[in-house]
Amino acid sequence: MKDAFGAPQSLLVLGGTSEIGLATARRLIGRRTRTVFLAGRPSPQLDAAAQSLRRLGATVTTVDFDALDPASHEVALGKVFAEGDIDMVLLAFGVLGDQARDEQDPLAAVHVAQVNYTGAVSAALVGATALQVQGHGSLVVLSSVAGERARRANFIYGSSKAGLDAFCQGLADAMHGSGVHVMTVRPGFVHTRMTEGLEPAPLSTTADEVAAAIELGLRRRSTTIWVPGTLRAVMSAIRHLPRPLFRRLPL
Amino acid sequence: MPVPFAAPEAVPVTGWGRTAPTSALVLRPGSYEEAVRALAECGGRGAIARGLGRAYGDAAQNAGGAVLDMTGLDRIHEIDAVGGLVTCDAGVSLHRLMQVMLPLGWFVPVSPGTRYVTVGGAIGADIHGKNHHMSGSFSRHVRAIELLTGDGETRVATPEDEPDLFWATAGGMGLTGVILAATLQMLPVETSLMTVDTERATDLDDLMARLAADDHRYRYSVAWIDLLARGARTGRAVLTRGDHAPLEALPPRLRADPLAFRPASRLPAAPRFVPEGLLGRRSVGLFNEFWYRKAPRDQRGRLQKLAAFFHPLDGLPEWNRIYGRGGFVQYQFVVGYGQEEALRRIVRRIGSRRCPSFLAVLKRFGEADPGWLSFPMPGWTLALDLPATLPGLAAFLDELDDEVAAAGGRVYLAKDARMRPDVLARMYPRLDDFRELRSRYDPRRVITSDLARRLAV
């Protein structure tokens, strides 16, 4: 069960090698979390991630999970929920793609959309339904500022996050009053493996800062959080920029 | 998924602190038969009884399962006006008992800070009042409990015939079964007024000295303590102590109807939406300063209504809303006599952190009752309330838990919404016995609550 401050005792991370996912798990293990499920495709990285969390004192189990195979989600996640209540599901998987290449290769673009959007829709629905049955829990979904307004530089990734973000807003309302809390996280540029080699955008952040913001959001039962928080105002302004001007911005 | 998101009857439930909402099917049995049926049909996630929802945390929540609203069981069955024995349903409130029994010359034996609690809740939390140092906790005055256990049986437990079941149920947070009815021994009183002595204590040592010196002269004793005061004024407090006024203490105009129960008229309920942070350091600091200075330095024998003495907060319905949507947590612990240094350390720590608490109360407990998970033990108890959104509060309270446990003390489960499971076992040595009894009477684990899940009770 979560305590009065929203700290979960059990955590399921979808995308078990995600740096933000693991940073969040580490932070929550420092609070109340004792049981962690890391879901992802079997790999040495996934095992290493599990091992690193075990060293912090948590009981960690890895779970086979493939975002690209929505048909398997219900069974894969059902097994996790069968072991006991899950207080928080963190949907942390996603791919950035390569905008320049993906524009030339529609199938590669579709791959981005399938992981970030359709795979996430399926996993979020399965997770939300399971949380609803147990009558409590938080579903935390990693969206992105890139979904707030499509940019020339990464609109394939951005559009997939835009879809996911809109989906989560609706899901949060659908879950209102059911005891299930849905929180959308919109980080800016996060320094991780996924963004390695890219030019950091202004107001860039780190996985640990995102984790801290998630912990705060759980305590406040927020529905949407921005990391860093100043992005809320900045993106609100950017959203309203006239298009010709927006297009010329070096974003 | 057959019917997506269809859960029309489940509603979010929280405790009085309004933190950690979870959803449950709320059923309101109107008879014992309906209660039995509700328990039999509650499904895999079980059921827990709920009274008037005054437990601060998740004691009367049951995520995904059933919550039995017991206020539908509200009959008073039998009154022995000579001996002061009352047999009533578990859903009868102490308010109702006062209304009925005061005119007959009987008062509830133990009254907490609110009279809007049910008899079932009072037993489940084994509540205490300002008279604990004299009269013990609520269960000391309970002669019999009628209990619907998880195996579907209705049992009668008394301290003589079924001591294990009785003392596990007293303070058992509703986890031994659904309390259906109870027999209570009431306290004889001559009037419905209190004679109250009020004095100020300039600091914590002064306060503890005054409480220790003459608590035994008063049936009721409590001290409001200013936890925001620092330095030499750390622990300054206002002591209010008193007893039921004897008939001859009343002025002639009140003697005609000395036992009338006249709670002050209640204010309109606190508004539904209160901005968060209304009760910050500044506002609470100002309030505390005012409250301390307003109190008479030394006043003897003032006549006060029962409700004003026992239940000042009941004057503001839904007062728990004043903390805003983030809610609040209560922290109440006890440390034994001889552990005064731990108490001083904790008070100093709270003061130096500038925790904005305006409902902080210090009291001395007397002899403990045998309830297995009952909170009171001989020693000092401090209760304070804090906005749940206070930064760093979670970790701070964890540190206090450790300090309390190390001093051999414990934290009150009826107020808890955040303790760690491992600390619980250190604080309540009979926890294993309690678990064993629970599995004996409830092998299918029908009776459960969010608190039980969170603390692995």
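Bear in mind that the values in this text are calculations on the coordinates, not laboratory data. Since the model is a prediction, treat every value here as computed from it, not as a measurement. Neighbour counts are summed over all protein chains in view; Cβ atoms, including those assigned to glycine, are modelled from backbone coordinates with ideal geometry.
Just A:57, A:163, A:94 to compare: in a GNM of chain A, with alpha carbon springs under 10 Å, which one fluctuates most?
A:57
To make sure I understand, if each residue's beta carbon is the centre and we count other beta carbons within 10 Å, what order do B:116, B:337, B:218, B:56 fall in, fewest to most? Write out the running numbers ahead of the final one.
Working: B:116 18, B:337 12, B:218 21, B:56 26.
The order, fewest Cβ neighbours first, is B:337, B:116, B:218, B:56.
Assuming a ≥ b ≥ c are the square roots of the Cα gyration tensor eigenvalues, decide whether region B:390-457 counts as rounded (a/c under 1.5), prolate (otherwise, with a/b larger than b/c) or oblate. Can you show the working numbers first?
Values: a/c = 3.42, a/b = 1.73, b/c = 1.98.
Oblate, since a/c reaches 1.5 and b/c is not below a/b.
Give, as ranges by residue number, the residues of region A:153-179 whose backbone N falls under 18 Å from the point 7 Å along Cα→Cβ of residue A:204.
Within reach of a label on residue A:204, which here means backbone N under 18 Å from a point 7 Å along Cα→Cβ, region A:153-179 contributes A:153-154.
Taking a 25 Å limit on the Cα-Cα distance, which of the listed pairs B:130/B:294; B:305/B:415; A:2/A:79; B:294/B:363 fall beyond it? Spell out each step's value before the answer.
Working: B:130/B:294 22 Å; B:305/B:415 27 Å; A:2/A:79 21 Å; B:294/B:363 21 Å.
Checking Cα-Cα distances, B:305/B:415 exceed 25 Å.
Residue B:398 to residue B:274: extension gain in nm, 0.36 nm per residue of separation minus the Cα-Cα distance? Mind showing how you got there, number by number?
Values: separation 124, 0.36 × 124 = 44.64 nm, distance 2.80 nm.
That works out to 41.8 nm of additional length.
How many angstrom lie between the Cα centre of region B:202-231 and the Cα centre of region B:19-50?
Between the Cα centres of region B:202-231 and region B:19-50 lies a distance of 42 Å.
Computed over the Cα atoms of the protein assembly as shown, what is the convex hull's projected area averaged over all directions, in nm²? Mind dumping the intermediate values first?
Details: hull surface 133.5 nm².
So the mean shadow area of the Cα hull is 33.4 nm².
Any idea how far apart residue B:308 and residue A:224 come out in nm if each label point goes 7 Å out from Cα toward Cβ?
5.2 nm
Residue A:98 to residue A:56: FRET efficiency via 1/(1 + (r/R0)^6), r the Cβ-Cβ distance, R0 25 Å, to the nearest 0.05? Could the numbers behind the result be given before it?
Values: r = 34 Å, r/R0 = 1.37.
With a Förster radius of 25 Å, E is 0.15.
If I model chain B as equal point scatterers sitting on the Cα atoms and use the Debye formula, what is log10 I(q)/I(0) at q = 0.07, 0.09, 0.10, 0.13 Å⁻¹?
-0.34, -0.57, -0.71, -1.25
Using the Cβ atoms and a cut-off under 11 Å, what net charge is assigned to the surroundings of residue A:65, where Lys and Arg are +1 and Asp and Glu are -1?
Numbers: positive: A:41, A:79; negative: A:64, A:66, A:69.
Once positives and negatives cancel, what remains is -1.
Using 7 Å Cα-to-Cβ label points, what is the residue B:255/residue A:82 separation (nm, one decimal)?
In this crude label model, residue B:255 to residue A:82 measures out at 7.9 nm.
With all pairs of different alpha carbon atoms counted, what Kirkwood hydrodynamic radius in Å does chain A show? Don't jump to the answer; show the numbers that get you there.
Working: mean 1/r = 0.0548 Å⁻¹.
Result for chain A, one decimal place: 18.2 Å.
From the alpha carbon gyration tensor of region A:29-71, can you work out the equivalent ellipsoid semi-axes (sqrt of 5 times each eigenvalue) and give them in Å, largest to smallest?
Numbers: eigenvalues 95, 29, 8 Å².
Equivalent ellipsoid of region A:29-71: 22, 12, 6 Å, largest first.
Only residues of region A:1-35 count here: report those whose backbone N is under 18 Å from the spot 7 Å along Cα→Cβ of residue B:445, or say none.
From region A:1-35, the list is A:1-2, A:9-11, A:34-35.
Quick check on the protein assembly as shown: helices-only [θ] at 222 nm, where DSSP H runs of length 4 and up contribute -39,500 (n - 2.57) each and the sum goes over total residues. Nearest 500, please. If you can, show how the numbers build up before the last one.
Values: 24 runs with 229 residues, N = 708.
Computed mean residue ellipticity for the protein assembly as shown: -9500 deg cm²/dmol.
So what's region B:72-189 giving for Rg/Rh, alpha carbon basis, Kirkwood Rh from the mean inverse pair distance? If you can, show how the numbers build up before the last one.
On the way: Rg = 13.1 Å, Rh = 14.0 Å.
Rg/Rh: 0.94.
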